[in-house]
Each structure stands twice: as structure tokens, then as C-alpha cells.
Amino acid sequence: MLRYVARRLGLGVLTVFGVSVVVFLIMRILPGDPLVAVLGSDGMQRLTEEQRTAYLTDLGLNAPLYQQYLGWMGDILRGDFGRSFFRSESVADMILRRGPLTAQIAALSVLLSWVVGIPVAIVSALRPNSVADGAVRFLSIFFLAVPGFWLGMLIVLGLLFAFGYRAPLTGADLLGDPWTTLQMILGPAIVLGLGQAAYIARMARSSLLEVIREDYVRTARAKGVNARAVIRLHALPNALLPVITLSGILLGFVLAGSIPVERAFGAPGLGQAMFQAVSERDVFVMQNLVFLYAVVFVVLNIVVDILIAWLDPRIRYA
Amino acid sequence: MSATDPASAEAAVAAQQRPSAPARTLDWLRRFARRSPVSAFWGVVAALIVLIAVLAPVIAPADPLTANFRMMSKPPNEAAWFGTDQVGRDVLSRVIHGSQTSLMVAVAAVLLGTTVGAVWGLACGYFGGRFDLFSQRIIEFMQSFPDLILAMAIAMALGAGTWTVILAIAITRIPFGGRVIRSVVLSVKEMPFVEAARGLGASHMRLMFRHILPQCVAPYLILATAHLGVAIIIEASLGFLGVGIPPPNPTWGNMLADSLNAGLVPPWWLVLFPGVAITITVLAFNLLGDGIRDMLDPRLRGSV
């Protein structure tokens, strides 16, 4: 187990390095002058050549690329995520202020996806081709096609029309005011949770159908174990392993999906910060946020892999 | 009777065995419809959407860009079935024209991304070795980003524009093409017919493109249709976040973004119709894709 964890962590470090290079390349090499982003194309044209060089040097953009990259990595290792061009708040502070809300949305949505997806999958796997199974299949196909942010806009509008209700837009403080926080995260979490539940239900259904046909399940039934216990104690634990892996991959769907969904609900999480950075073309904030999201995604998937290896000895000895 | 004329007999047999191209297509469609009627229905819907997109300038009742300040923010009525937006543009016409942009971007991005990925996967699977190892790492790095975030970063770095959006979405599709085609090639290249061709002295290029590539056509088509829906949703999300096709050109995503600027409470008709358009289109392409997958490769049922 220890060897497996060590190897997985080693690969993870390599992946984080690769990811940082990709982010750096996208933000620095692709055509598009960062100064245009800061000053606008009109402001650009009014610059003299010396002013331009001074600006670039000031921002550290005149150094050779490898120096820029090493500088960036050094800053990040020191916990300095830079500063927005347009706001006084440092990016690190912004992440600390906005991050928790997005983390709560993500956690609640994963919880919801399991609470909804798994029972639904059990029902439809035990009675394949029944009406319930058909309904489940239709809904899972439907939720794969509906954009989450649009569903979010509809929910906001619907609640407003029906009850004149609008979720609070500020004041998230889980410990101080759990009720306000819950109202802010519930909408985005439901939308993102249902989207994931569609994938989870699909995967759990086919995985259960496969496991139910295995010999040990038949043996349990033959011994006279009741049907519920067979599903709960014998079939489910094995059937859920691939679902856990999928859930880890879907975290990418949650992290990315929360950007437009938070915008639809007006929830002030990290996704909104990303939206702001994109619409202001704030290159450095964007660079750090994209890197942060990718690292979180990679780390969570390492955690999932280790969890799976811990649950399933076949993997850690393979 | 035809024994007297062997040449014409041969031609007659050939004609019997090999019906004309339209007839074969029709036959294939008929089998498709019998095998998966649901997919066939949604295939017809998808065809209608494509038709609407192609004929957009002809069937749209009004110009999608012309503001009409006497008709601002009107709910659906007889003159404007889907209502008008905050500067009086006809929403129905904008939704129709939006379909053109959405489909064009999605199809171009999926074709570009899947093709680049497929060629890369072909080379990886065929050559193997260090090149393959290196490529797999790069693909892994690319897949460490959630799709939408990678697309956002690229679209932002390149600046707004149709080609930017296509490129941004295409890059997120490359790893899928690469992985799937690579695994197909790994199994195909060990087959006897490839060995035979190699024994006859065929070059690498000839082996790759003449002998192995044709075996990749079915998985390629399956992959491309399966990813159309995802591409449409990413395009809409980019539009919604303001890094898609820049306004005033209507896309479903930037129409939804616009509706948020229409006031404190967005009018319901500005929210409802573009979203319904996205949902129906993605639903149609996804279900059509499922049917095509079942038809081309029954073993893949339930995967991809």
C-alpha cells in the first residue's frame, strides 16, 4: 500500500509540473499581448516604445521565458499568487475569501449526486426495462443535455415568480450564519448535483447489472440470504468501486461547471472570480486560478485513486 | 440465356450484388430506423435543426441584428413569437441564426480536434516506444484540466473570434481522439493482414494510412458524434461567460449572457428560448450518436 501511495504521489508531482508548463504556455506563448489586456488596444497605441519596454520590465515580461516560469513557480511556492491589475486584493486573499463557498457547493453537489444517483441506479438495475428503468434512462439522458447554468437561471426565475424569493448574494459564513450559507449553496449544488447524478446513475446501473451476474452473488442468494442483504452487503460494495472513480473524474465537471452556474445564481464563489478575471482579461489572475483549479483536480483524483486502492486490494497488488 | 454473353452476365450479377449508392444509403437508413427507432426520431430532429441552421437567413422572420426601439423587451406576441430583447431585436430570428453559429462551431471543433487526436493516436499506437510514452504524458497533462477551464483559458489568451472558439474547443477534444484511436491501432497493427503488407515491403506511411487507418473509421465516427453535444454545451458556456463569439452576432450562449444584463430580473422569454434550443439540439445529437454507435459497433453499447 505504501509503495502504491508513493508511486501515485510521484506521478502526481510530475503531472502538476506538466500542468504548470501547459498553463504557462497558454498564457504567455499564444499570440495576444498581455498589455493589450491591461491597457486596451487604444491605450496600447498611445504608448511610446520606451514606455512599453518599461511596462513590460515592470511586469517581469521582458525576462527570458524560463526565468519568467521559474519566477512564477517561486512565487507560488512562497504562497504569493500575485495581485489583480484591477483590484487591490491579492489573489491569495481572494482565494481564501471566495474558495470556501465553491468548496461547499462542490461537496454538497457530490453528496447530492450519490444520494440521488445510487438509489435510482439500484431501482433500475433490479428491474431492467421496467417503467422505472425507462424513466431513469430518459432523465439521465435529459440531464446530460441540459446546460447547468441555464437550469440555474430557470430556477432563479421560477422561485422569483412563484414565491418572490431570491437567495442572498452575500454573507456566506458557514459557522456564523449556516442558514444564509445554505441558501446560497443549495441552488448551485442541486444543479451541479443533478448533472453528476445522471452520470453516476448510468455508471452504477451498468456496474450493478454486471456484478449481480457474478458467481459469489448467486452463491449468496443460494445460501438463502435475503435479497436486500445480497444487494447491500454483497453486490453494492463491488459495484460502487468504478462509481467512486467516476465521481473523482466528475469533480472536474463540478469545478468547471461551477463557473457558469455560480454566475447564473450570482453566488460569490471562486467561479465568479474566474468569470471576472476572464471578462477583464486579467492574465495573471487567470493564470493562477487556472493552475489552482487544475492542481485541485489532480490532487482530488490522487486522493480518489488511493481511496480505491485502499478499498480494493486487487489494485494495490496489481 | 446470358450464358452466350459472359461479360454482360457478369455485369448483371455485379449490379445485383452492388446496388447504387443512394439505394445503399436508403437501405442503411431503413435498417437504422428498425434497429433504434428512438435514435432515428432524434436523427430526424437533428436533420431539421441542421436544415434550420443552413436556411437561417431565409426562414428567420426578421434581421437578427436590427434594433427596433419601438419594440423593446416585448413578451411573445403575434409579430414576434419569441418576444423581443432589450433593444427590440427579434428573439426567434436570433435563436434561428444562433443555431448556425452553434452548429458550425461545434462541428468544426469536433472534426478538427478528433482528427488531430486521431492522427496523433495513430502515430502513437503505430510507432510506440519513447514517442508514445512522451505523448501519453502530454495527453495526461491536457486531461488534468476540466474541459471548460482549458477552453476558457485558450479562448481568453487568443482573444475573441469564431476561429478562437473553434480552436479552444478543438484542443479539449484532442486527448479523446488520441486515446481511443491509439488503443484501436494497438490491436489492429498485430493483425495478419498488416503483417502481410509489411512482409511485402510496404512503407510506414502506406501501412499507417492505407492498411490501419480504414479500421479506425468506425471508432472515429462514433467518437465524433458522441462529442458534438459536449462541444455545443462548451460553446454555449463560453458564450455565457463572455469568451465565445463576440456580440452582436447571436449565439445561444451570448443571448443568455445578454439576458442577465436586461435588468435586475431577466425577462423569462430571453432565458427560456435559447436554453430550450441548446437542450433539444444536444439531446438530438446525443441520441443520434447513441444509435450510430450501436449500429457501427454493437460491442460498444453503453460505453464511450
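The values are calculated or read from the model by the stated rules, or taken from the named source; none is laboratory data. Keep in mind the model is a prediction, meaning the values are calculated, not measured. Cβ sites come from the backbone with ideal geometry, for glycine too, and all protein chains shown count toward neighbours. For accessibility, only protein heavy atoms count, side chains too; no ligands or nucleic acids. Shrake-Rupley method; radii C 1.70, N 1.55, O 1.52, S 1.80 Å.
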Quiz item: Can you work out ³J(HN,Hα) from phi for every residue in the range B:277-285, in order, using Karplus 6.51 cos²θ - 1.76 cosθ + 1.60 and θ = phi - 60°, giving whole Hz and x for Gly and Pro?
Solution: 4, 4, 4, 5, 5, 5, 4, 4, 5
Quiz prompt | Calculated from backbone phi, Karplus (6.51, -1.76, 1.60) coupling profile of the range B:233-246 in Hz, x at Gly/Pro | solution = 5, 5, 4, 5, 5, 4, x, 5, 8, x, 10, x, 4, x
Quiz item: How many angstrom separate the Cα center of the range B:196-212 from the Cα center of the range A:120-150?
Solution: 46 Å
Quiz item: Where in the range A:83-123 is the amide nitrogen less than 20 Å from a point lying 7 Å along the Cα-to-Cβ axis of A:GLN68?
Solution: A:83-86, A:91
Practice problem: Using protein chains only (no ligands, no nucleic acids) and a 1.4 Å probe, work out which residues of the range B:155-196 have their accessible area cut by at least 40 Å² relative to the chain alone. | Solution: B:MET156, B:ALA157, B:LEU158
Exercise. Find how many whole Å separate the alpha carbon centroid of the range A:207-286 from the alpha carbon centroid of the range B:151-189.
Key: 24 Å
Quiz prompt | Separation in nanometres of the label points that stand 7 Å from Cα toward Cβ, at B:ASP27 and B:GLU195 | solution = 3.4 nm
Self-check item: Nearest-10 value in Å² for the accessible area of A:SER206, using the 1.4 Å probe
Solution: 60 Å²
Self-check item: Largest-first ordering by accessible area, 1.4 Å probe, given options B:PHE240, A:PHE142
Solution: A:PHE142, B:PHE240
Quiz item: Given the rule -39500 (n - 2.57) for each run of at least 4 DSSP H residues, summed and divided by the residues of chain A, what is its mean residue ellipticity at 222 nm, to the nearest 500 deg cm²/dmol?
Solution: -26000 deg cm²/dmol
Practice problem: Report the accessible surface area buried between chains B and A, summing both sides, using a 1.4 Å probe on protein heavy atoms only, in Å² rounded to the nearest 100. | Solution: 3700 Å²
Exercise. Once you have a ≥ b ≥ c as the square roots of the Cα gyration tensor eigenvalues for the protein assembly as shown, tell me rounded if a/c is under 1.5, and otherwise prolate or oblate according to whether a/b is larger than b/c.
Key: rounded
Self-check item: Three-way shape call for the range B:206-274 based on the alpha-carbon gyration tensor, with the a/c threshold at 1.5
Solution: prolate
Self-check item: Table column - 3J(HN,Hα) (Hz), the range A:199-210, Karplus curve with 6.51, -1.76, 1.60, x for Gly and Pro
Solution: 5, 4, 4, 4, 5, 5, 4, 5, 5, 5, 4, 6
Practice problem: With only Lys, Arg, Asp and Glu charged, each at its Cβ (+1 for the first two, -1 for the last two), find how big the charge dipole of the range A:94-311 is about the Cα centre; round to the nearest 20 debye. | Solution: 680 debye
Quiz item: Roughly what angle does helix B:129-143 make with the longest principal axis of chain B, taking Cα atoms, 0 to 90 degrees, to the nearest 10?
Solution: 20 degrees
Exercise. Using only Cα atoms, tell me the angle between helix B:37-54 and the longest principal axis of chain B; keep it within 0 to 90° and round to the nearest 10.
Key: 60 degrees
Quiz item: What percent do you get for the relative contact order of the range B:100-174 when only Cα pairs under 8 Å and 6+ apart count?
Solution: 54 percent
Quiz item: Just how large is the dipole of the protein assembly as shown about the Cα centre, in debye to the nearest 20, putting +1 at every Lys and Arg Cβ and -1 at every Asp and Glu Cβ?
Solution: 1940 debye
Quiz item: If you roll a 1.4 Å probe over the heavy atoms of the protein chains, what accessible area per residue do you get for the range A:98-145, in Å²?
Solution: 47 Å²
Quiz prompt | Cα-projected label distance for A:ARG127 with B:ARG35, points at 7 Å along beta-carbon direction, nm | solution = 3.1 nm
Quiz item: For the range A:94-311, what's the relative contact order in percent, using C-alpha pairs closer than 8 Å and at least 6 residues apart?
Solution: 29 percent
Quiz item: Want the number for B:ASP63 to B:PHE209: 0.36 nm per residue separation, take away the alpha-carbon distance, what's left?
Solution: 47.9 nm
Practice problem: Express the carbon and sulfur contribution to the solvent-accessible surface of the range A:94-311 as a percent, rounded to the nearest whole number, probe 1.4 angstrom. | Solution: 69 percent
Quiz item: Among rounded, prolate and oblate, which fits chain B when a ≥ b ≥ c are the square roots of the eigenvalues of its C-alpha gyration tensor, a/c under 1.5 means rounded, and a/b larger than b/c means prolate?
Solution: oblate
Quiz item: Expressed as a whole number of Å, what is the distance separating the alpha-carbon centroids of the range A:1-27 and the range B:128-142?
Solution: 14 Å
